[in-house]
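The values are calculated or read from the model by the stated rules, or taken from the named source; none is laboratory data. This is a predicted model, so every value here is computed, not measured. Glycine gets a Cβ as well: all are built from the backbone with ideal geometry, and neighbour counts include every protein chain shown.
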Amino acid sequence: MTHKKSIGIDIGGTKICGALIVEGGNILKSVKVDTPQGEASDTAHVVSGVIKEIISNDVVGIGLGVPGWVDHEKGTIYNTPNLSLSGFDLRGAIHDKFNLPVFIDNDANLAVLAEHSFGMAKDYKNVIGLTVGTGIGGGIILNGKVYRGVTGTGAEIGHMVVQPNGPKCGCGSSGCLDVMASGTGLIRAAKERINKGKESQILKLANGNIENIQGPMITKAAENGDKLAKECFDEVGFWLGIGINNLINICNPEMIILGGGVAGTGDLIMDPVRKVILERTISPNKDVCKIVISKLGNEAGMLGAGALVFESSKVSHNN
Ligand SMILES: [Zn+2]
């Protein structure tokens, strides 16, 4: 039996990654290019170039992952805050070029689909994925399928409000998980403390300029035993724990899988998360839920976009 092949494209704010993927999850070829900072048609042009480089004549379809609010069924891109794709018919543009089935979805939905298709969540039916980086993206698999809601814009876990009086979020609300428990939250926590005159190695790592502070500096300081840096991780981990507690209580999943740079700091962020779950989450929900860190790394987006093609062709075949 020959295995099907698909193309998975992960369109990020700074990089566009594409891969030729075999059903089962092996990557045969991959390409990474800079995201053009121009109009939507420029992005479509670059995406087409990536596809041309990796396509083979037995590809069954193309999957596109976009960082924003997307209607998977209609193909509508409602809003991409970090890219000029809002309102642009990217699916149509790529379909016109290659005359293959093209599928599109939110990148965080695709990250959890990648875990469910090829990663640590392969054997589970109810799984929630969180990508904790500069912001927070979320995806939910319920009963073995991606849960998207009515307009495809459900599972926006990053915009769950955990602190109503918290800082403003890009979505217009305030105190969303996205601003409280992300890399942005970590940097804010460090700046607030340092602005109050507290001592920390972080400032030295930022060459004495508070505006230069970045996430990896806080991680490095915390690993060196810096008290203030550890406090920042405890604070951000607390809010992440509150968000995860809510998700476990509502969805009762078998697994929560975390990806992204902040999740990659391991116990620094996970210790305070586990503490919140232990103290607050109801049993038996917390007893059956594994909380793990993704091993797919930067490939999750492309793999998920490729998996979307296999998933979607399975559905149309069954109909
Ligand atoms: Zn928000």
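Side notes on the structure shown:
- Residue ranges of helices (runs of 4 or more DSSP H) in the range 161-241 with at least 2 members loosely packed, with under 15 Cβ neighbours inside 10 Å: 183-195, 215-223
- Single residue of the range 123-133 satisfying the filter (touching a residue at least 60 places away in the same chain (Cβ under 8 Å) and either away from the ligand (no atom under 16 Å from the Cβ) or over 16 Å from residue 257 (Cβ atoms) (or both)) that is nearest to the chain's Cα centre (by Cα): 129
- Counting only residues that are among the aliphatic types (A, V, I, L, M), more than 10 Å from the ligand (Cβ to nearest atom), touching a residue at least 40 places away in the same chain (Cβ under 8 Å) and assigned to a loop (DSSP other than H, G, I, E, B), the range 140-160 holds 1 of them.
- Every pair of residues 6+ apart whose Cβ atoms lie under 7 Å, when the first sits in the range 170-192 and is in contact (Cβ under 8 Å) with a residue 40 or more places away in the chain while the second is among the acidic types (Asp, Glu) and away from the ligand (no atom under 15 Å from the Cβ): 189/235
- Residue 160 being under 22 Å from residue 226 (Cβ atoms) and of a type outside the set (Lys, Arg): no
- Some residue of the range 303-319 being modelled with pLDDT of 95 or more, under 20 Å from residue 160 (Cα atoms) and in a helix (DSSP H, G or I): no
- Of all the numbered requirements in (1) in the same structural domain as residue 43 (by TED's automatic domain parsing); (2) buried (at least 23 other Cβ atoms within 10 Å of the Cβ); (3) not hydrophobic (A, V, I, L, M, F, W, C), residue 135 misses one, and that requirement is (1).
- Residue in the range 167-187 that is within 16 Å of the ligand (Cβ to nearest atom) and either basic (Lys, Arg) or not assigned by TED's automatic domain parsing to the domain that holds residue 138 (or both) present: yes
- Failed criterion for residue 254 (all others in (1) farther than 22 Å from residue 131 by Cβ; (2) surrounded by fewer than 24 Cβ atoms within 10 Å (Cβ to Cβ); (3) at pLDDT 95 or above hold): (1)
- Test result for residue 224, closer than 28 Å to residue 155 by Cα, of a type in the set (S, T, N, Q) and without any contact (Cβ under 8 Å) to a residue 60 or more places away in the chain: no
- Restricting 40, 44, 19 to residues that are in contact with a Leu (Cβ under 8 Å, 6 or more places away or on another chain) and farther than 26 Å from residue 170 by Cβ narrows the list to 19.
- Only residues that are surrounded by fewer than 16 Cβ atoms within 10 Å (Cβ to Cβ) and of a type outside the set (Asp, Glu) were counted in the range 49-77, giving 6.
- Within the range 58-85, considering residues that are among the polar types (S, T, N, Q) and at pLDDT below 95, the one farthest from residue 13 (Cα to Cα): 79
Residue by residue, here is whether (1) within 30 Å of residue 292 (Cα to Cα); (2) in a loop (DSSP other than H, G, I, E, B) holds:
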| site | (1), (2) |
| --- | --- |
| 62 | yes, no |
| 74 | no, yes |
| 86 | no, yes |
| 96 | no, no |
| 110 | yes, no |
| 124 | yes, yes |
| 138 | yes, no |
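- Subset tally (residues that are exposed (fewer than 14 other Cβ atoms within 10 Å of the Cβ) and either in contact with a Ser or Thr (Cβ under 8 Å, 6 or more places away or on another chain) or over 20 Å from residue 117 (Cβ atoms) (or both)) for the range 139-157: 2
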